[in-house]
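Some notes on the structure that comes next.
The values are calculated or read from the model by the stated rules, or taken from the named source; none is laboratory data. Note that the structure is predicted; figures quoted are calculated from it, not measured. All Cβ positions, even for glycine, are placed from backbone atoms using ideal geometry, and neighbour counts span all protein chains on display.
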Amino acid sequence: MDSVLEKKYRLVKKAFGSFSFFNVEDAQEILKTKKSTLYWDLSKMVEYGYLKRIGKGRYSVNDVQNEQPSYSVFAGRIINILEETGFRFYISGIDILIKYMQHIPDNYPVMLYVDKYSKDEVLSLFDNHRIHYIEGESSNKNSIFTNSNTSDNIVVIYTTTNFEYTSDGFATRERAFVDLYNAVTRSNYPVSVQEIARIYVNLTSLGALDKKLLIKIASIKSLHHDIRFIVESKHINIAAFKIVEIIRSGV
């Protein structure tokens, strides 16, 4: 969101943040702008997820943009260990998206990304702290979780040199979704594709997902075809889905 629009949002939030909703006339009184500009401003605030449209001419301040991740106790332990080292890292996956899940697991592998050049030191550190870990770049990616007991505290470690779309050791929601999708579809991470779908629906319904950014981040992992298909699925005719199914069957 550009700085001008962000200033306007802060005025709206200050005025109506404690109210269940406000209407266009209320916003106009605060922003003191003409109706055409006002409608554009409100539309962009909704698009960016800062406001939620709850009815004709009615809006509410959407605090989802400022929510902090609800990470697990085990993830907190990992963070405490790594923060003392100065190594670059970020937590991703369920620890970022758990608020948007329908079926929350009792336990799950923490997804950790570390700088590829510090991986050996991190693994040694985890050995010293008796942290049970799996290397995400295992040569047998399709079964890295097969022999792991998900009732145990496990961290799956991926390496990267790209720390865009992360902040203070946590992935953004968009990056976390792409990371989780990649792990589920490429490495049998123990979350169902149905749950991935529910996460996506909940994120979008709350205005908590930047779809353009989602596709951009997906290109980092060469998943942009998958993610674009998900993002644009509601615009695709059902016949196209059937044709693709037929093509993929080899008929």
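Return the total of residues in segment 34-91 being closer than 27 Å to L5 by Cβ, touching a helix residue (DSSP H, G or I) at 6+ places or on another chain (Cβ under 9 Å) and either without any contact (Cβ under 8 Å) to a residue 24 or more places away in the chain or not polar (S, T, N, Q) (or both). Quick ask: steps written out before the conclusion?
Taking segment 34-91 and keeping what is closer than 27 Å to L5 by Cβ, we get 34-69.
Now restrict to residues that are touching a helix residue (DSSP H, G or I) at 6+ places or on another chain (Cβ under 9 Å): 34-35, 37-39, 41-42, 44-45, 48-53, 57-64, 67, 69.
Now restrict to residues that are either without any contact (Cβ under 8 Å) to a residue 24 or more places away in the chain or not polar (S, T, N, Q) (or both): 34-35, 37-39, 41-42, 44-45, 48-53, 57-59, 61, 63-64, 67, 69.
Going through segment 34-91 one residue at a time, the tally reaches 23.
Screening V156 on (1) surrounded by 20 or more Cβ atoms within 10 Å (Cβ to Cβ); (2) part of a helix (DSSP H, G or I) shows it passes everything except condition (2). Of the helices (runs of 4 or more DSSP H) that lie entirely inside segment 15-126, those containing 1 or more residues that are surrounded by fewer than 17 Cβ atoms within 10 Å (Cβ to Cβ) span 24-31, 35-47, 73-83.
Return the only residue of I196, I215, I227 being buried (at least 22 other Cβ atoms within 10 Å of the Cβ), assigned by TED's automatic domain parsing to the domain that holds Q102, at pLDDT 95 or above and in a helix (DSSP H, G or I). Full working, then the answer.
Working: I196 fails: buried (at least 22 other Cβ atoms within 10 Å of the Cβ); I215 fails: buried (at least 22 other Cβ atoms within 10 Å of the Cβ).
Just one listed residue meets the conditions, I227.
Here A239, A208, A197 are screened, and the one residue that is free of Cβ contacts under 8 Å to residues at least 40 places away in the same chain, under 21 Å from Q102 (Cα atoms) and out of contact with any strand residue (DSSP E or B) (no Cβ under 8 Å at 6 or more places or on another chain) is A197. Of all the residues in segment 159-217, those that are in contact with a Ser or Thr (Cβ under 6 Å, 6 or more places away or on another chain) and under 21 Å from N107 (Cβ atoms) number 4.
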